[in-house]
Each structure stands twice: as C-alpha cells, then as structure tokens.
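Notes follow once the structure below has been shown.
The values are calculated or read from the model by the stated rules, or taken from the named source; none is laboratory data. What you see is a predicted model, and the numbers here were worked out from it, not measured in a lab. Here the Cβ positions follow ideal geometry from the backbone for every residue, glycine too, while neighbour counts run over all protein chains shown.
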Amino acid sequence: MRIMKLTMCHLYPELLNLYGDTGNVLALFKRCQWRNIQLDVIEHHMGDKVDFKDVDMFFVGAGAASEQSIAVHDMKNIKANLKDAVEQGKVLLAICGGYQLLGQYYQGKGGTADGLGLFDFYTEPADSHFVGNIVVKTEDYYLVGFENHIGKTYLNGLKPLGQVISGFGNNGEDKTEGVRYKNAIGTYLHGPLLPKNPKLCDEIIAIALKNKYNIANLEELDDSLEIKAREHILKSMGQK
Ligand code: GLN
C-alpha cells in the first residue's frame, strides 16, 4: 500500500501559540493518521533557514502584541517564499494574532505596526475586547469557536472565510469573519478551531492531498463525538 505523506510547517510555535492553538496541528495530525496518511510536522523558528520546498501546509497561531512584534521581524525573511506557496495553492492557516500579521498593519505594542503585507487587509484597534464564543457560516458549513481580540480587521475587498451568525468576527461591524484567498485562511477563531470543526480540518487535508497526489476523496471518519459537541455549542448559543 502506498503511504501518502504530507508536510506541515508550524511557524514560530514558541511565540504564537495562544489558547491551545497547537491543538489545530494535533487535529490535523490525528485525522491524517486515522487515514494512514503520514503528516510530518516541521517547525520554523526565528532565524531558521527558509526551506519550504516540501511543505504542503503552513500553520501560524496567535499571539499578543509583544509576541507579534518579535515574530513579524523574522516573517519578513519568509514573506517571498510564503507568498509563492500561497499563489501555488498551498494551504496556509493563520489564527488571530497570526492572521493579523499577514495584513498591511495591525495594532502593535506602542501603536500601529507594519504587518507582513501578504494580503491587503488591515487591523485597527477597537475600544474594547471582542471576546466570547462565535458561530460563523461558510459556504458549506458552520464553524464554531472562541474569539478574544482587540484588533478590528477590515478586508479591503478580500473574500471573508464566512459570515458571523453570533459573535463579533473581523470587526464587530460588517458581519465578516476571517479571510480566504485561494487556500490561505485567516481567522479569529480559536477553540482550537480544527478539533471543533472537523469539516474544515478535512477540507485542509483534502486540499493538500489533491495538490500533492491529485486525490480528491477522503475516507470518512466517525465524527459522532465532534457532532455531539458542536450541537451542544450551537444549542447553547441559541443556534439550534
Ligand atoms: N494582539 C491581538 C489582539 O488582541 C491578537 C490577540 C490574539 O491573538 N488572541 O487583537
């Protein structure tokens, strides 16, 4: 039997890792393993040599302003390679502070700070924290999660990941949540996102498999526990 192998690059895990974001990497790993897909997770740390040749997906977690300001320096060294990867249709998943860093600017420690500028969106400071559980509708399914941010992100014409059903999302004003460009996703949803939303987790795996092996179908898994947990969350938020 041919073993399919994918590689994920976890960017700055020591800096950007709020609210259990690493659980997203574990969820990807387990859902690959349950299907006999080998997922190798490599880490990119500050100052590491940039070699993304074999990377199928990138993950960047969240961080507060102080961690963001450290990470963004090194991110400038990976910008061109990351941009190439995104344009090639590779997967990029960025959460909250990591998501903000991919835009033009964000609210840094002592004021506005330059982001990586990989995408045209920008983040302004809000007057108070956007915190609580959130439900978002994408084109195909509902996402559930938890958000906690002070930044308000404006997409500047980019496509959102979904529409806010309950919660704040990008800015608490326009009902958009996150961003989606090709197979790059930015989102404010922690939770962590992927264990709570197996459909999104599988979508990411399926994209990476299609890119690498041109395989379209993923073996079904028993998601009854996840479905039950999601129903509970949706019900508690008055959505079911
Ligand atoms: N510092 C950012 C904000 O509060 C990001 C926080 C986070 O990643 N949770 O907007």
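One line per residue, one yes/no per condition, for (1) assigned to a strand (DSSP E or B); (2) surrounded by fewer than 22 Cβ atoms within 10 Å (Cβ to Cβ):
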site: LYS5; (1), (2): yes, yes
site: CYS9; (1), (2): yes, no
site: CYS32; (1), (2): no, no
site: LEU39; (1), (2): yes, yes
site: GLU43; (1), (2): yes, yes
site: MET46; (1), (2): no, yes
site: HIS73; (1), (2): no, yes
site: ALA80; (1), (2): no, yes
site: LYS83; (1), (2): no, yes
Original post:
How many of the residues making up region 182-240 are in contact (Cβ under 8 Å) with a residue 24 or more places away in the chain, surrounded by fewer than 18 Cβ atoms within 10 Å (Cβ to Cβ) and not in a helix (DSSP H, G or I)?
Top reply: 9
Subject >> Residue among PHE59, PHE29, PHE52 that is aromatic (Phe, Trp, Tyr) and under 13 Å from the mean Cα position of the chain (by Cα) >> reply: PHE59
Original post:
Within the bounds of region 26-40, is there any residue that is under 29 Å from LYS196 (Cβ atoms) and within 16 Å of the ligand (Cβ to nearest atom)?
Top reply: no
Subject >> Exclusive hit being under 15 Å from GLN68 (Cα atoms), out of contact with any Pro (no Cβ under 9 Å at 6 or more places or on another chain) and crowded, with 19+ Cβ neighbours inside 10 Å, set GLY167, GLY110, GLY115, GLY151 >> reply: GLY115
Subject >> Answer residue from region 129-148, given it is surrounded by fewer than 23 Cβ atoms within 10 Å (Cβ to Cβ) and among the charged types (D, E, K, R) and is farthest from ALA113 (Cα to Cα) among those >> reply: ASP140
**OP:** Go through (1) within 30 Å of GLU219 (Cα to Cα); (2) crowded, with 17+ Cβ neighbours inside 10 Å; (3) touching a residue at least 60 places away in the same chain (Cβ under 8 Å) one by one and return the number of the condition GLU87 breaks.
**Re:** (2)
Original post:
In region 164-181, which residues are in contact (Cβ under 8 Å) with a residue 60 or more places away in the chain and among the hydroxyl-bearing types (Ser, Thr, Tyr)?
Top reply: SER166, TYR181
**OP:** Filter region 110-153 down to residues that are within 16 Å of the ligand (Cβ to nearest atom) and touching a helix residue (DSSP H, G or I) at 6+ places or on another chain (Cβ under 8 Å), then give me how many there are.
**Re:** 12
**OP:** Could you please find all residues in region 170-181 being surrounded by fewer than 24 Cβ atoms within 10 Å (Cβ to Cβ) and assigned to a strand (DSSP E or B)?
**Re:** THR176, ARG180, TYR181
Original post:
Given the conditions (1) surrounded by 21 or more Cβ atoms within 10 Å (Cβ to Cβ); (2) part of a helix (DSSP H, G or I); (3) at pLDDT 95 or above, which single one is not true for GLN68?
Top reply: (3)
Subject >> Lone qualifier among GLN107, GLN163 - being farther than 26 Å from LEU6 by Cα and within 12 Å of the ligand (Cβ to nearest atom) >> reply: GLN107
